[in-house]
Amino acid sequence: MAYENELFQERVVRVERPSAHFTLLRALNGEFLGASDDGLAVFDYVDDKAIWESVEDGTAYRHVVTDCVLKAKTADSTKGCYLRHEGVLLAGDGTSASDEGAIFSAGHGPAHLPSEYLKSLKENGWVCLPSIIAPDIVEELERVSCTGRWDSETYDRSTGTLVKSIAVAQAAAEPVSLWLMRQYMRTSEIRLGHPPGFAILTPDDGERDVGAWHSDFPYHWGIFATRGTGPEIPLHNFPELVMGVQRNLCVSEFRKENGATCFKLGSHVLGEGPPDEWGPVHVYRQSGYRAAHGLPYNGPDADVVEAPGGSYILYDSRVWHRAGINRTERKRAAMLQAIIPVYIVPKTDTSRAYRNFIDSPLVEELTPLEQRELKALMITKIEGSGGKHVVTIDETLSELVG
């Protein structure tokens, strides 16, 4: 495909594949073993306390912050190991076991400390967690999104994303990114604004509409021609109040040539949407725009973040961005998740997708902690004198007033 009149001069920000990853030690209930000055304990979140490094040829784990060392012995089961601290077996809560120890599993962790990622997110409004998702989960997400080795297959849109594979829920419950978003939005109560979904970018044909510039839900700057004509978050004088973070999983490797997301990095602090000359949604979606004006802005004031498969890119939802142009012969996939504080109304109902998931056998493949996290992300509850109720959609009433 020729693009004689197109620039494609965006600045490339390349995040390389890490040479090594830290380890997360999980108890059978899915909680994470951590260490602090107060000793060993398990936690339902992952910050620096829960970061370990495999040492001594995998027979021990060193705590990255405190230098505490745990000796590991493979359990009879191939799925875990027993851990000893100063010769004493550990129980499932991290304390000394009174009899036989508990089994812990050692799993794929981040390449850097969570605190380092958080510092970058706060300073820049975005951060990339390279290859944060374990390779086997990434491969499964490629299979269900019909990319990678399965590129020739056709994606089935007849069933919800969550029930296609346990890998979708496991990726949604990834603990480091969840901790980062809770810290950035300064609330532990966060929700998915819509069910997780795949964005599968097919090779561009040179004619069809492509992604236009906008800010994400709930801001939606650049989508509506006039403020007040849609449910966007208005401009406000409280930039520290963050009402959304977009969490995009690079299922495929993201490269400029295959349509990696284009950003105007730093634009979250501007308090306004992309200008009309950049081709925001409300301008670009006009019939015949591409034929008359070409692609949306792709010059040197924009940025493309390239990252290996399995990477999470987190960014403030106010950041201007658009899907790139896939100039290769193969599809590329991402898993998109708009994350909001509990006080923001979700973009679409997530309760039905969650109900379908818990009615499926897949739910039993999650740890109890992952089950709790997924429920918290997808279910909004209210509590009053009448008890606790799940907020959901009344389909009949929606049809009546629609």
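The values are calculated or read from the model by the stated rules, or taken from the named source; none is laboratory data. It should be emphasised that the depicted structure is a prediction, and the values quoted were computed from it without experimental measurement. Cβ sites come from the backbone with ideal geometry, for glycine too, and all protein chains shown count toward neighbours.
Hey, does segment 243-261 have a residue that's under 17 Å from W213 (Cβ atoms), surrounded by 21 or more Cβ atoms within 10 Å (Cβ to Cβ), modelled with pLDDT of 90 or more and among the aromatic types (F, W, Y)? No, segment 243-261 has no match at all. Per the listing V12, V69, V64, V42, the residue uniquely touching a strand residue (DSSP E or B) at 6+ places or on another chain (Cβ under 6 Å), surrounded by fewer than 15 Cβ atoms within 10 Å (Cβ to Cβ) and either free of Cβ contacts under 8 Å to residues at least 24 places away in the same chain or of a type in the set (A, V, I, L, M) (or both) is V12.
Go through the residues of segment 76-91 one by one and say whether even a single one is of a type in the set (G, A, S), more than 30 Å from G294 (Cα to Cα) and part of a strand (DSSP E or B). Scanning segment 76-91, I find no residue that is of a type in the set (G, A, S), more than 30 Å from G294 (Cα to Cα) and part of a strand (DSSP E or B), so the answer is no. Annotation: of all residues in segment 4-44 being of a type in the set (K, R) and over 30 Å from W278 (Cβ atoms), the one that is farthest from the chain's Cα centre (by Cα) is R26.
Every residue, every condition in (1) acidic (D, E); (2) closer than 30 Å to D44 by Cα; (3) modelled with pLDDT under 95, yes or no:
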| site | (1), (2), (3) |
| --- | --- |
| L295 | no, no, yes |
| V304 | no, no, no |
| W320 | no, no, no |
| K375 | no, yes, no |
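Test each condition in (1) of a type in the set (S, T, Y); (2) within 25 Å of D205 (Cβ to Cβ); (3) in contact (Cβ under 8 Å) with a residue 60 or more places away in the chain for S311 and report the one that comes out false. All conditions pass for S311, except number (2).
Based on what the data block shows, is Y297 more than 26 Å from D209 (Cα to Cα) and part of a loop (DSSP other than H, G, I, E, B)? So Y297 does not fit the description; no. Regarding A353, is this residue in contact with a Leu (Cβ under 7 Å, 6 or more places away or on another chain) and assigned to a helix (DSSP H, G or I)? When the stated conditions are applied, A353 passes them.
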